[in-house]
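No value in this document is a laboratory result; all are computed from the given coordinates. These numbers were taken from a predicted model, which means no experiment stands behind them. Cβ placement follows ideal geometry from the backbone for every residue including glycine, while neighbour counts extend to all protein chains displayed.
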Amino acid sequence: MAGIDEAGRGPLAGPVVAAAVILPVDKPLLGLDDSKKLTSRQRQELYREITKAALAWSVGYSSPQYIDATDILQATRRAMEKALEKLPVRPDYLLVDALHLPDVDLPQEGIEGGDGKCACIAAASVVAKVTRDAWMEGWDRQYPGYGFARHKGYPTPEHLEALTKLGPCPLHRRSFQPLAELFPVKGIAGGEVGEDG
């Protein structure tokens, strides 16, 4: 059974990242919970434990350009599909946080609030969040001035102020407000979907 969850549906910048995790049934991980309820340090420690203990795990993402060319729901599902495709072990059943994956030919269940109810979904939420945060910290060096290492692309006052001073960079989702209003783009072009950063 694989748990699937994502990180980064709401930010103004960066990819949406999904993870798929198959945990062993006989080794529960203490402290596992929805990644949003954990501190950064707790997430880092759990990430190490999850990736060491898991029978299989993988990550997929959809780029900001793909998000703009489709929408965040389609991009999230695509990131989840990419994570599943990369799993070295084919699962028999999927537990997905709040979503159904119509293009995936596997028995599955979408569970509202699944990252707080199911260990394998919680593990996927931690892996997705830690992965995405690390990428945003790396991109902070590539695109200085926006504060990506601190806010991870979310619409904080610091981020919005940087946008007014610097304008958007290639990481920004041009279809999201307030970017779409402040920096309109004629005919947003399609982007790419990748498997890793």
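Listing I111, I67, I22 from fewest to most neighbouring C-beta atoms within 10 Å gives I111, I22, I67. Tell me, what ³J(HN,Hα) does each residue in the range 144-156 have, in order and in whole Hz, if you take phi through Karplus 6.51 cos²θ - 1.76 cosθ + 1.60 with θ = phi - 60° and put x for Gly and Pro? Result, rounded to whole Hz: x, x, 8, x, 4, 5, 8, 9, 6, x, 6, x, 7. The label point for A56 and the one for L30, both projected 7 Å from the Cα toward the Cβ, are 3.0 nm apart. Within the straight-line cut-off of under 21 Å between alpha carbons, the lysines reachable from K129 are K36, K37, K52, K82, K86, K117, K152, sequence neighbours fewer than 8 places apart in one chain being disregarded.
Taking 7 Å steps out from each Cα toward its Cβ at E45 and T156 produces label points 2.3 nm apart.
Might you report the magnitude of the Cβ-based charge dipole of the range 23-142 about its Cα centre, with Lys and Arg at +1 and Asp and Glu at -1, to the nearest 20 debye? Numbers along the way, then the final one.
Numbers: 16 positive and 19 negative charges, 92 e Å.
Roughly 440 debye, rounded to the nearest 20.
For the chain, the antiparallel share of DSSP beta bridges with both residues in that region comes to about 70%. When each of the peptides 117-130, 26-39 is scored by how many other beta carbons lie within 10 Å of its residues on average, the order from highest to lowest is 117-130, 26-39.
If you take the beta carbon distance between A149 and E112 as r and set R0 to 41 Å, what does 1/(1 + (r/R0)^6) give as a FRET efficiency, to the nearest 0.05?
Numbers: r = 32 Å, r/R0 = 0.77.
Taking R0 as 41 Å, the efficiency between A149 and E112 is 0.80.
Between the beta carbons of K165 and K37, assuming R0 = 30 Å, the FRET efficiency works out to 0.35 to the nearest 0.05. Stretching F183 away from R90 to a fully extended chain increases their span by 29.2 nm, per 0.36 nm per residue minus the current alpha-carbon distance.
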